[in-house]
Amino acid sequence: VKIPKPILVASADALCLELSGVLAGRRYLLLTDEQVSAHCLPFLSDVIADFPPLDIIEVEAGEVSKSPEVVMQLWSHLLELGVQRGDVLVCLGGGSVCDVGGFLAATFKRGIPVIFIPTTLLAMTDAAIGGKNGIDIDGVKNAVGTIRMPESILVYPGFCDSLAREEFASGYGEVVKHAILAGGPLFDEVGRQRVIPEKMKVSLLKRSIAVKYALVKTDPFEANERAKLNFGHTVGHALEAVLLAAGKPLPHGIAVAIGMQVELRLGLMLGMMEQQLEERLQLLLHTLFSWAYPVLPSWTELEVYISNDKKSGRSGIRLPIVESPGSVKLLDLRDLSKIQEAYNQGVSAQL
Ligand SMILES: NC(=O)c1ccc[n+]([C@@H]2O[C@H](COP(=O)([O-])OP(=O)(O)OC[C@H]3O[C@@H](n4cnc5c(N)ncnc54)[C@H](O)[C@@H]3O)[C@@H](O)[C@H]2O)c1
C-alpha cells in the first residue's frame, strides 16, 4: 500500500500551485465546514477560478459532522451530482472534515480518490496522515470507519494563524505526544517548553509529522507499532465522548493531554516508569495544557466508553505505556481496575 508523504508548502501561492497540479484535467468536489469555509477557502480562490469544482459542500463545524446522518446526506448528494469513480474529493478542514470526508471517499462507489488539505494543527500533524477515517455511532468515537490512504496531503502551516487558542493547543497536544514517543532531540526541544508557542515553528511541525509518518509507514494497518500512537487515547476518547454527550465538546488534543497524564500515572503504578521521570512529564503536560482542562467527569461516566474502545479485544485493552521518552511498550490490560485507579488518583490531584 502506498503511503503518501505530506507535502509541506511555504505559502498559499505554493499551495494553489500544488493543488492545481493534482487537479488538472480531473473533476473534483470540495468538502469543508462552515468555519473553515470562512477562514481558509479564500486562499484557494485562484484554483477555484481556474478549475471550478463540481460543488463546494459545507458541513457543520466540529465533531457533530462525523455522524451517519451526515454521511447519508453526502452519499445522496454525490449521487445527485453524478460523481463517478475517477472524480476526486478534496477535503479542506480539520480532523472532523478529514475523518468524515475520508470515510465518504472510501465508501462512495467503493472508493473515490481523496486529497486532504488540513487546516488545524491537529490535522496537519496527525489526523490527515495515515488513512484512518471514521464516524461516531451512539456517541462512541470512530466506531465505524476504514483505513484507506489519501492520494495526497498538502500542508500549509499558515492556516494555523486563524485557529482559536484552544484549537491550536489541541494540536500541540499531539505534537507533545509525538515528542514523547520519539524521545531524542525532538523531546529535548519540546520538553523544555513552559508555554505553548504562539506560532508553530515549521521545522518542529516537519519533525512532528515525520514521527507519525514513520510509524504509519512501518505498520499501516496497526498490527503493532502504529498502536503506540494511541498513547493517551483510551482515556482521551472516553473523555471526549462523555463531554460531547453533555454538550460541552472538548478539543481532541486536550482530551489526549489528560489521557496521557492518566496513562503516565498508570505506567508509574505498574512499575514501568521511574517516579522522577513521571513527575517531570506530568509537570510538562500540566504546565502546557491544564488551563484548557474541563471539570473531569466521574469514572462511572467514562467506563462504558472505555469498554467500547476499539483498542479493547478479548485479551483486554491494549495500551501504550511509556517507559521513558522514546521507549514505549504495548501492554494488554485484562481489567479496567488499574486504569480506574490511575484516573481517580489523577482527578484527586487535579492532574
Ligand atoms: N484519522 C485520524 O488518524 C485522526 C487522528 C487524530 C484525530 N482525529 C480526529 O480529528 C478530530 C479533531 O480534529 P480537529 O481538532 O482538527 O477538529 P475539527 O476539525 O473539529 O476543527 C476544530 C474547529 O476548528 C475550526 N477550524 C478548522 N480549521 C480552522 C482554521 N484554519 N481557522 C479557524 N478555524 C478553523 C473548525 O471549523 C472547528 O470548529 C476528532 O474527531 C478526532 O477523532 C483523527
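Of all residues in the range 141-169, those that are of a type outside the set (S, T, N, Q) have Cβ atoms under 8 Å from Cβ atoms of residues that are open to solvent by 60 Å² or more (accessible area, probe 1.4 Å) and assigned to a helix (DSSP H, G or I), 6 or more apart or on another chain, in Leu154/Glu18; Tyr156/Phe43; Pro157/Val202; Gly158/Phe43; Phe159/His39; Phe159/Phe43.
Each residue in the range 117-146 was checked for being open to solvent by 10 Å² or more (accessible area, probe 1.4 Å) and within 10 Å of the ligand (Cβ to nearest atom), and 10 of them qualify. In the range 45-68, the residues that are of a type in the set (D, E, K, R) reach residues that are within 10 Å of the ligand (Cβ to nearest atom) and assigned to a strand (DSSP E or B) with C-beta atoms within less than 6 angstrom, at least six apart or across chains, in these pairs: Glu58/Thr32; Lys66/Ile135; Lys66/Asp136.
Pick out the one residue from Glu198, Glu189 that is open to solvent by 10 Å² or more (accessible area, probe 1.4 Å), more than 13 Å from the ligand (Cβ to nearest atom) and in a helix (DSSP H, G or I).
On the way: Glu198 fails: in a helix (DSSP H, G or I).
Testing whether each residue is open to solvent by 10 Å² or more (accessible area, probe 1.4 Å), more than 13 Å from the ligand (Cβ to nearest atom) and in a helix (DSSP H, G or I) leaves just Glu189.
Conditions tested, residue by residue: (1) open to solvent by 40 Å² or more (accessible area, probe 1.4 Å); (2) in a loop (DSSP other than H, G, I, E, B).
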site	(1), (2)
Lys206	yes, no
Ala210	yes, no
Tyr213	no, no
Phe221	yes, yes
Ala227	no, no
Thr234	no, no
Val242	no, no
Gly247	yes, yes
Gly253	no, no
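Please specify each residue of the range 151-166 satisfying the condition of being surrounded by 21 or more Cβ atoms within 10 Å (Cβ to Cβ) and within 9 Å of the ligand (Cβ to nearest atom). Correct list: Phe159 only.
The values are calculated or read from the model by the stated rules, or taken from the named source; none is laboratory data. All values derive from a computational prediction rather than experimental measurement. A quick note on method: Cβ atoms are made from the backbone with ideal geometry, for glycine too, and the neighbour counts reach across all protein chains shown. With ligands, DNA and RNA removed, areas are computed over all heavy atoms of the protein, side chains included. Shrake-Rupley method; radii C 1.70, N 1.55, O 1.52, S 1.80 Å.
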